[in-house]
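Inspection log for the structure reproduced underneath, given as structure tokens.
The values are calculated or read from the model by the stated rules, or taken from the named source; none is laboratory data. For clarity, every value in this text was computed on a predicted model and none was experimentally measured. Note: ideal-geometry Cβ built from the backbone for every residue, glycine included; neighbour counts use all protein chains shown. Calculation scope for accessible area: heavy atoms of the full protein, side chains included, ligands and nucleic acids excluded. Shrake-Rupley method; radii C 1.70, N 1.55, O 1.52, S 1.80 Å.
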Amino acid sequence: MTDLPQTRHSLLIRLRRNSDDAWAEFLEVYEQAIYAFARRRGLQDADAWDVTQEVLTAVEKKADTWQADPSKGKFRGWLFRVARNIA
């Protein structure tokens, strides 16, 4: 996952506000990466898209309460931990 850009804190703040622009930007950065992750775990196309949607739903549910905490790791780490648990 090192080829992904760093998640900007400002993007996460905008997600909390449920900004359509922020969600569009978030999808541009992460949707294909989550899908590719699921495919690498051996899932077929439709299943990988289902996992992607479940992960994005988890992000939506947590966006308003997620707090940056260096002791717990980066947002990206949390995101792919969720993806691993779902896949």
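Using the beta-carbon distance between Gln53 and Arg16 and R0 = 25 Å, what value does 1/(1 + (r/R0)^6) give for FRET efficiency, to the nearest 0.05?
Rounded to the nearest 0.05, the efficiency is 0.75.
So what's the chain giving for Cα Rg divided by 2.2 N^0.38 Å, two decimals?
Rg over 2.2 N^0.38 Å, computed on Cα atoms: 1.04.
With each label point set 7 Å from Cα along the Cα-Cβ vector, what nm distance links Gln67 and Ala36?
It works out to 3.3 nm between the two label points.
Using a 1.4 Å probe over the heavy atoms of the protein chains, calculate the carbon and sulfur portion of the accessible area of the chain as a whole percent.
Of all accessible area on the chain, carbon and sulfur atoms account for 47 percent.
Given the -39500 (n - 2.57) contribution per DSSP H run of 4+ residues, what per-residue ellipticity at 222 nm results for the chain, rounded to the nearest 500 deg cm²/dmol?
Rounded to the nearest 500, it is -22000 deg cm²/dmol.
Using θ = phi - 60° and the Karplus relation 6.51 cos²θ - 1.76 cosθ + 1.60, list the HN-Hα couplings for segment 64-80 in order, rounded to whole Hz, with x at every Gly or Pro.
7, 10, 5, 10, 5, 9, x, 6, 9, x, 8, 4, 4, x, 4, 4, 7
Note down the magnitude of the dipole of the chain about its Cα centre, charges +1 on Lys and Arg C-beta and -1 on Asp and Glu C-beta and zero elsewhere, to the nearest 20 debye.
That gives the chain a dipole magnitude of about 500 debye.
Counting heavy atoms of the protein chains only and a 1.4 Å probe, report the per residue accessible area for the chain as a whole number of Å².
64 Å²
Taking amide H positions as placed in the peptide plane 1.01 Å from N, state which residues far from Ala63 in sequence (5 or more) or on other chains have amide H under 5 Å from it.
none
Using the alpha-carbon atoms, what tilt in degrees (0 to 90, nearest 10) does helix 45-62 show relative to the longest principal axis of the chain?
The helix 45-62 is inclined about 20 degrees to the chain.
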